[in-house]
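Step one of this worksheet: look at the structure below.
The values are calculated or read from the model by the stated rules, or taken from the named source; none is laboratory data. Keep in mind the model is a prediction, meaning the values are calculated, not measured. Glycine gets a Cβ as well: all are built from the backbone with ideal geometry, and neighbour counts include every protein chain shown. These accessible areas exclude ligands, DNA and RNA; they are computed on the full protein's heavy atoms, side chains included. Shrake-Rupley method; radii C 1.70, N 1.55, O 1.52, S 1.80 Å.
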Amino acid sequence: MKHVAIIGAGPAGMMTGIYLKYLINQTHEKIEVTILEKNERVGKKILSTGNGKCNYSNKNVMPGYYNNEDFVRPILESFSVSDFINFFKEKGLVTKIDSEGRMYPITETATSVIDLLRMELHKNEIKVITSFHTKEIKKKSNGYILSDGKNTIFCDFVVVATGGLAAPVLGSTGDGFRLLGQHGISKTKTYPGLVGLKTTKDTIKGLSGLRMKGIAKLLLGNDEIYKEAGEIQFKDDGISGIVIMNITSKLVRLNSAKLLIDFMPNMEFDEIKEYIFQKIKVYENFDTSHLFVGLLPNLFATKILKDLNINLTQKMKYVNKKQIDALCNLIKEYPIDYTGTYDYDRAQVTVGGISLEEVNESLELKKLPNVYVCGELLDIDGLCGGYNLHFAFASGVYVAKNILLK
């Protein structure tokens with residue numbers, strides 16, 4: 001009887017075991033599956049996804065929403081969105097889809113997902129050993145020995161699904177990188193992903209707590225390489241919001257890029273300019289502090305006026321054409337002078353991971369036969385909105401299918 005040991009009881013690891021048993025039940029093969037989890041319980045990180053509601057997929061899942069589009073395509077095709085919905089529906093998990101395509105359990109609580117996965121582990125007689133912190137994968141001529149320093153497990157196949165570095169308080173502390181690094185398996189440079197940006201004080205001075213919608217644009221030289229519309233949230237020392245988190249995951253891979261935000265995407269430059277002229281015409285003897293009443297939040301209006309050294313107490317009629325052009329420029333292309341990202345404790349995913357050059361088309365390590373890597377541990381990351389959790393589940397399915405083909 002073959003024995004498969006899975007390191008990590010997150011979405012990728014649990015799905016590998018569950019789907020492997022699902023396939024075995026159809027073929028009547030006999031394979032023993034053991035999951036080793038260093039935490040005291042399984043699926044700890046799942047509980048925090050989607051603000052506790054578990055945003056586990058998105059109806060718009062497609063390869064273009066991931067960093068390595070060609071590599072991820074066959075994995076997503078092996079477990080499509082409809083496959084995902086139907087598989088879990090058979091188990092009793094009903095999916096709810098919001099206006100943005102984000103998929104949640106109809107109960108809107110992550111515990112429903114965890115409880116169902118635990119039921120599947122139990123039903124399929126998958127052995128789960130918690131508080132087993134794997135320290136070594138030792139290769140033998142006839143398989144592998146996994147050790148936590150006290151206990152050992154012998155197996156024919158190993159699946160490393162330990163996650164990356166995001167949310168270390170939930171157990172993601174880079175164990176997989178260390179385990180595989182012992183065997184010369186390389187990883188790309190890693191960064192916190194889907195996380196806010198730290199900025200200079202001048203960039204956000206006076207804006208803490210403000211939320212504004214706009215279009216964030218990422219430029220490399222003069223070329224626009226990415227843009228996305230959404231809400232920008234100003235904090236004491238930086239900015240956040242889904243649009244910024246998505247931008248950050250792209251930005252960290254670049255040596256240098258300019259980040260600009262259009263805070264009036266529904267108005268062209270000349271329309272804003274005409275608005276200002278009309279406002280001055282109607283209220284010429286009012287203080288300039290009232291210039292953007294009805295167009296912009298007061299905090300932001302005050303900020304851009306101060307940035308251009310325009311006296312807030314002078315009469316509007318004294319604002320000149322050069323200042324008006326500069327104000328329009330700031331509204332349409334507000335520069336974000338960023339200094340870095342927040343750390344992994346605020347990140348939703350790891351950017352970077354085990355190099356895709358280290359695995360074959362089955363996600364099997366080229367240097368270690370019968371050892372597979374899946375989930376966040378790989379150099380794969382997607383946009384915010386359920387894409388990363390879907391990939392974790394899909395890669396688990398993909399590995400299960402390929403193990404059974406061995």
Checklist entry - Quick check: anything in segment 121-136 of a type in the set (D, E, K, R), in contact with a Leu (Cβ under 9 Å, 6 or more places away or on another chain) and open to solvent by less than 90 Å² (accessible area, probe 1.4 Å)? => result yes
Next on the checklist: I need the full set of residues from segment 214-224 which are farther than 12 Å from SER256 by Cα and within 21 Å of the chain's Cα centre (by Cα), in order please.
Outcome noted: GLY214, ILE215, ALA216, LYS217
Next on the checklist: Which numbered condition in (1) open to solvent by 20 Å² or more (accessible area, probe 1.4 Å); (2) not in a helix (DSSP H, G or I) is the only one that GLU271 fails?
Outcome noted: (2)
Item to check | Matching strands (runs of 3 or more DSSP E) fully within segment 37-141 where at least 2 residues are within 17 Å of the chain's Cα centre (by Cα) and modelled with pLDDT of 95 or more | outcome: 102-105
Next on the checklist: Among the residues in segment 263-276, are any over 24 Å from LYS315 (Cα atoms), modelled with pLDDT of 95 or more and touching a helix residue (DSSP H, G or I) at 6+ places or on another chain (Cβ under 6 Å)?
Outcome noted: yes
Item to check | Selection count where residues are of a type in the set (D, E, K, R) and either modelled with pLDDT under 95 or under 22 Å from the mean Cα position of the chain (by Cα) (or both), scope segment 358-392 | outcome: 3
Item to check | Contacts under 8 angstrom Cβ, first residue in segment 40-51 being closer than 13 Å to SER112 by Cα, partner open to solvent by 50 Å² or more (accessible area, probe 1.4 Å) and assigned to a helix (DSSP H, G or I), 6 or more apart | outcome: GLY43/ARG118; LEU47/THR111
Checklist entry - Would segment 307-323 turn up any residue that is within 28 Å of the chain's Cα centre (by Cα) and of a type outside the set (S, T, N, Q)? => result no
Checklist entry - List the pairs whose first member sits in segment 76-87 and is closer than 14 Å to ALA392 by Cα, whose second member is β-branched (Val, Ile, Thr), and whose Cβ atoms are under 6 Å apart, counting only residues at least 6 apart or on separate chains? => result SER78/VAL397; PHE79/VAL397; VAL81/VAL61
